[in-house]
Each structure stands twice: as structure tokens, then as C-alpha cells.
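This structure is in C-alpha cells; I'll ask about it shortly.
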Amino acid sequence: QVQLVESGGGLVQAGGSLRLSCAASGRTFRNYRMGWFRQAPGKEREFVATISWSGGNTYYAGSVKGRFTISRDNAKSTVYLRMNSLKPEDTAVYFCAASTIVPLTTTPTDYDSWGQGTQVTVSS
């Protein structure tokens, strides 16, 4: 498995922006498809975005499409989530995850490794 550490969360006003980072270590990063998920209090973990190993293909949840951008830098073993036009309903703990099996998957159980999460809070 690969080890994942998220950073970049925080408190932001509605309409603001944040960039989350997820640094990977332990295995060859470019072998992994990467994803971002989020979990709000009392809710199930939900898919946000995913990116192929090369970065050439991405897929987003409808609720974030057009506002969030996932990207990766394989030389730095890091995946990013740029979040613009944030809304209070984006408030959640955000997790990055790595998959060696299924490309561009939205299913949490298809991911082998998970980070510890970073809190994003959007105030109205």
C-alpha cells in the first residue's frame, strides 16, 4: 500500500477557494489512480473527483463539477484538489485515496489506501 497525507484544509468564507494536497509515499505513485472523497457529519462518505495515473483523464461528482479541479504531479508524488466557489454544503472532512485496480472509479471500496483526512469548513 501507499501512504497518503492530506493538507491544505481550513476555514473559508462562501465563495472562497482552497487547494488541498495529498502527498504519497511508499510505492510508485504513478501506478495509482487517485481520488478525493468527503464525509460530512452524520453522512456517508461521498465521491468528489478522480484522476487517471497519467492525469489525462478526470471525473467529477455533479455537485462539484465546474468548481473543483483535480490534478497530479507524479514527479512530486502529489495529487491536488483545487476548490473554487466554495459553498457551506462543501463543509466536510476530505480524504484522498489510491486505487491500483479500477480506473476512474467512484466507489470507495475500489480504493486500496486512504489518508487521514483534512477538515474543510465553509462559512456562510
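Specify the residue that is nearest to PRO108 (Cα to Cα); the eligible residues are those in segment 42-83 that are aliphatic (A, V, I, L, M) and not in a strand (DSSP E or B).
This residue is ALA61.
While we're on this one: Could you grab the pairs with beta carbons closer than 7 Å, sequence gap of 6+ or different chains, first residue in segment 17-31 and at pLDDT below 95 and assigned to a loop (DSSP other than H, G, I, E, B), second one open to solvent by less than 20 Å² (accessible area, probe 1.4 Å) and of a type in the set (A, V, I, L, M)?
Listed pairs, sorted by first residue: GLY26/VAL2; ARG27/VAL2.
In this structure, does VAL120 turn out to be assigned to a strand (DSSP E or B) and within 22 Å of VAL2 (Cβ to Cβ)?
Values: assigned to a strand (DSSP E or B): yes; within 22 Å of VAL2 (Cβ to Cβ): no.
When the stated conditions are applied, VAL120 does not pass them.
Here is a yes/no grid of residues against (1) open to solvent by less than 60 Å² (accessible area, probe 1.4 Å); (2) at pLDDT 95 or above; (3) at positive phi:
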residue: TYR59; (1), (2), (3): no, yes, no
residue: PHE68; (1), (2), (3): yes, yes, no
residue: SER99; (1), (2), (3): yes, no, no
residue: PRO103; (1), (2), (3): no, no, no
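Let me ask something else. Can you pull out the residues in segment 84-110 that are assigned to a loop (DSSP other than H, G, I, E, B) and either without any contact (Cβ under 8 Å) to a residue 24 or more places away in the chain or over 17 Å from ALA23 (Cα atoms) (or both)?
Of segment 84-110, the ones assigned to a loop (DSSP other than H, G, I, E, B) are 84-87, 91, 100-107.
Of everything in segment 84-110, those that are assigned to a loop (DSSP other than H, G, I, E, B) and either without any contact (Cβ under 8 Å) to a residue 24 or more places away in the chain or over 17 Å from ALA23 (Cα atoms) (or both) turn out to be ASN84, SER85, LEU86, LYS87, THR91, ILE101, VAL102, PRO103, LEU104, THR105, THR106, THR107.
Select, from VAL79, VAL122, the only residue that is within 14 Å of the chain's Cα centre (by Cα), closer than 18 Å to LEU18 by Cα and surrounded by 13 or more Cβ atoms within 10 Å (Cβ to Cβ). It would help to see each step written out before you state the result.
Values: VAL122 fails: within 14 Å of the chain's Cα centre (by Cα).
Testing whether each residue is within 14 Å of the chain's Cα centre (by Cα), closer than 18 Å to LEU18 by Cα and surrounded by 13 or more Cβ atoms within 10 Å (Cβ to Cβ) leaves just VAL79.
The values are calculated or read from the model by the stated rules, or taken from the named source; none is laboratory data. On a predicted model such as this, the values are computed, not experimentally measured, just so you know. Because the Cβ atoms are built from the backbone with ideal geometry, glycine has one as well, and the counts that use them run over all protein chains shown. The protein model used for the area step is the full one, side chains on, heavy atoms only, and it has no ligands, DNA or RNA in it. Shrake-Rupley method; radii C 1.70, N 1.55, O 1.52, S 1.80 Å.
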